[in-house]
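The values are calculated or read from the model by the stated rules, or taken from the named source; none is laboratory data. The model shown is predicted, which means the values in this text are computed figures rather than measured ones. Note that we place each Cβ from the backbone using ideal geometry, even for glycine, and neighbour counts take in every protein chain shown.
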Amino acid sequence: MPLDTGGVTNLHLRADGERDPGLADTYMPTIDTGPDIGTALKSAREFRGLTLQDVADSTRIRRAYLAAIEDMRLEELPSRPFTIGYVRAYANALGMDGDAAVERFKLDEPAQDEPLRAPVGVRRDGDPRVMAIVIVGLLIVGAIVMWNIAQRAMSEQAPPAANAPEASAVGLP
């Protein structure tokens with residue numbers, strides 16, 4: 001049976017109605033809260049009353065990535081350097097020490113020598129303009145080669161040029 005508090009939502013009030021900062025702040029989550037860094041970040045986010053979307057908007061990190069960090073589903077995240085940057089930014093957005101969060105992440109998930117991968121959902125397609133420039137260049141080179149071949153063929157088929165008679169044959173001294 002739930003406890004009826006009579007509509008009291010904040011049990012940390014002083015007699016004058018102000019919030020008692022000393023008592024509630026002792027329970028504030030830290031980087032070391034929980035079994036892993038994801039749990040610590042989630043606890044800190046919930047303590048501050050933020051949603052994943054609030055943190056995603058302030059850090060510009062996808063909400064799906066933040067949820068994956070909280071649940072430590074690293075296979076859904078991009079490569080390790082990106083993930084480390086996301087953990088640092090997430091901790092900084094919550095007012096925590098980003099470098100300490102990264103160290104905790106490295107302790108929780110030791111480095112595995114994996115090659116770098118692009119962030120999930122990013123494709124590396126070539127620039128179509130480069131291919132168009134290469135094709136135009138090849139067409140120009142081909143046209144020049146064909147023009148040279150045609151010029152040689154026409155010069156071989158042309159009748160020999162009439163030579164002027166030599167001066168001695170005309171009878172000039």
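Couple of notes before you dig in:
For every residue, the table says whether it meets (1) under 16 Å from Gly34 (Cβ atoms); (2) in a helix (DSSP H, G or I); (3) in contact with a strand residue (DSSP E or B) (Cβ under 7 Å, 6 or more places away or on another chain).
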residue	(1), (2), (3)
Glu46	yes, yes, no
Ala56	no, yes, no
Ala67	yes, yes, no
Glu70	yes, yes, no
Pro81	no, yes, no
Ile84	no, yes, no
Ala89	no, yes, no
Ala100	yes, yes, no
Pro110	no, no, no
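- One residue stands out in region 64-108 among those that are in contact (Cβ under 8 Å) with a residue 60 or more places away in the chain and not small (Gly, Ala, Ser): the one that is farthest from Asp54 (Cα to Cα), namely Asp108.
- Look at (1) out of contact with any Phe, Trp or Tyr (no Cβ under 8 Å at 6 or more places or on another chain); (2) modelled with pLDDT under 90 and you find that Ala64 fails only one, number (2).
- Residue in region 42-57 that is under 20 Å from Ala100 (Cβ atoms) and under 15 Å from the mean Cα position of the chain (by Cα) present: no
- Filtered by the rule that a residue be modelled with pLDDT of 85 or more and either of a type outside the set (A, V, I, L, M) or assigned by TED's automatic domain parsing to the domain that holds Arg62 (or both), region 110-138 gives Arg129, Gly137.
- Residue check, Ala153 in a loop (DSSP other than H, G, I, E, B) and either out of contact with any Asp or Glu (no Cβ under 9 Å at 6 or more places or on another chain) or modelled with pLDDT of 85 or more (or both): no
- Meets criteria (closer than 20 Å to Ile69 by Cα and either of a type outside the set (Val, Ile, Thr) or at pLDDT below 90 (or both)) for Ala91: yes
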